[in-house]
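Here's the structure, in structure tokens; my notes come after.
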Amino acid sequence: MSGTTEIRSDVFWLGARHFDLKIFDELFPTRNGTTYNAYLIRGEEKTALIDTVKAPFTREYLQNVERLAGDRGVDYVVVNHTEPDHSGALDKVLERYPQATVVCTRPGENFLRQIFNHPMKTHIVSEGEEIDLGGRTLKFFLAPYLHWPDTMFTWLPEEKLLFSCDAFGAHFCSETLFDDETPDFSGEFTFYFDSIMRPFKEKVREAVAKVENLSIDMILPSHGPLIRRDVQAKIDAYRRLSAAPQDTGRKRALLLTLSPHGNTRDMAHYVREGLESQGVEVEERAIITVENQELRDLIESTDALIMATPTINRDAPPPVWQALSLLTTVAPRGKLGAVFGSFGWSGEAVKMVEERLAGLKYNLPVPGIHFRFKPTEDDQIACREFGRKVGQALQG
Ligand code: FEO
């Protein structure tokens, strides 16, 4: 379902409402669907579109563009971000308005070429560049990784509007458009940050620094309600959510254990002693007792991730893989890893988990160790030595 709303004189929302969406991108559950917010700005001389919509909504979107652009047509299509939920209608827009110039970043142009597999007329913007529409100015701020390397923000200074694409968005669909007329969506706002922005916290901090001194009456994201109630609160929320973990002055290791029969946890006891002998602060947690959200926080606040896994049915058990799946959703403070565990008769898990960590660019300073069933006294010594070496690498 699409529609248009005049936000300010000659500035229109013409997005699409996707009420019945249950899982965004087949990855993130949505309790209230989502929206694909797109915009049209008419200057005295030129008309610009800001982003488009997901492909299934193209027909209605294009009808709205034609109605609002009228005989003047479209001069620019600003692509703040090339992901298909925002560029899905771009091909049809350019078919209808072949004279239009696509305005994007350099990575954006590269992605568009590969998404559409044909050339298009583009203008690559640089940081702070402006385009004059006639009485209306588009000013661009590069915001890489919010959400892809291609992303930028567009600011309309005369109206104090910031078109932020994915940033400051939420997967929340309602009949209303603005945040001050929409039911509370703060949970969706935070969940969205955790799902989309959290892996790129450093980049979020850089982007926030670029916009926090701009004059902004409204933030107009590409998903969810348009923000006009308390713009500063949303910027503050992004600053808080993306804050760097506090440095305690001591190296910290997160020791995650899974131990059906207690043997791997026994090993962890001695590994921990070895780590602590090197002055490392150890947070030891049983994987199954930690919720995903807390686990993300723990991973982000430690310098080393040490996985203690048994082997069951020739594999690491599902809770171990689930914990590892969170690694790409966070910005770890350190990327040092180590793996150990007890096994009964085959013992593949330690190697498999090591390979997974290496694949995620973790540095593994000490080869993993594994022992059969209950650690012997010699095994205990080896575990202590393993922990000591990891601790040494961490301090080094
Ligand atoms: Fe809403 Fe990264 O696309």
- request: Give me the accessible area per residue for segment 204-300, probe 1.4 Å, as a whole number in Å².
  value: 46 Å²
field: FRET E, pair Phe178, Phe28, Förster distance 22 Å, beta-carbon r, rounded to 0.05
entry: 0.40
- request: Could you provide, to the nearest whole Å², the per residue accessible area of segment 49-89 with probe 1.4 Å?
  value: 35 Å²
- prompt: Which of the peptides 55-61, 140-146, 222-228 is most tightly packed, and how do the rest follow, going by the mean number of other Cβ atoms within 10 Å of each residue?
  reply: 222-228, 140-146, 55-61
Distance violations [Cα-Cα > 20 Å] among Lys201/Lys361; Lys139/Lys210; Lys201/Lys351; Lys22/Lys234; Lys251/Lys374; Lys139/Lys201: Lys201/Lys351; Lys22/Lys234; Lys251/Lys374; Lys139/Lys201
statement: Relative contact order of the chain (C-alpha contacts under 8 Å, at least 6 apart) in percent is 11 percent
statement: Note on the chain, DSSP bridge orientation, antiparallel percent to nearest 5 equals 45 percent
- prompt: At what distance in angstrom do the alpha carbon centres of segment 90-115 and segment 168-227 lie from each other?
  reply: 25 Å
Listed peptides 273-285, 29-41 by packing density, highest first (mean Cβ within 10 Å): 29-41, 273-285
task: State to the nearest 20 debye the size of the charge dipole of the chain about its Cα centre, where the only charges are +1 on K and R beta carbons and -1 on D and E beta carbons.
output: 820 debye
query: On the accessible surface of the chain, probed at 1.4 Å, how many percent belong to carbon and sulfur atoms?
result: 49 percent
query: Please state the relative contact order of segment 221-302 as a whole percent: Cα pairs under 8 Å, 6+ residues apart?
result: 34 percent
- prompt: Relative contact order, percent, of segment 252-395 when contacts are C-alpha pairs under 8 Å separated by at least 6 residues?
  reply: 32 percent
DSSP bridge pairs, segment 5-241: antiparallel proportion in percent, nearest 5: 65 percent
query: So what is the orientation-averaged projected area of segment 5-241, using the convex hull of its C-alpha atoms, in nm²?
result: 11.3 nm²
- request: With a 10 Å radius around each residue's Cβ, average the other Cβ atoms per peptide and rank 118-124, 85-91, 309-315, highest first.
  value: 85-91, 309-315, 118-124
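The values are calculated or read from the model by the stated rules, or taken from the named source; none is laboratory data. Worth saying up front: this structure is predicted, and the values here are computed from it rather than measured. Neighbour counts run over all protein chains shown; Cβ positions are idealised from the backbone, glycine included. We work out accessible area using only protein heavy atoms, side chains counted, and drop any ligands, DNA or RNA first. Shrake-Rupley method; radii C 1.70, N 1.55, O 1.52, S 1.80 Å.
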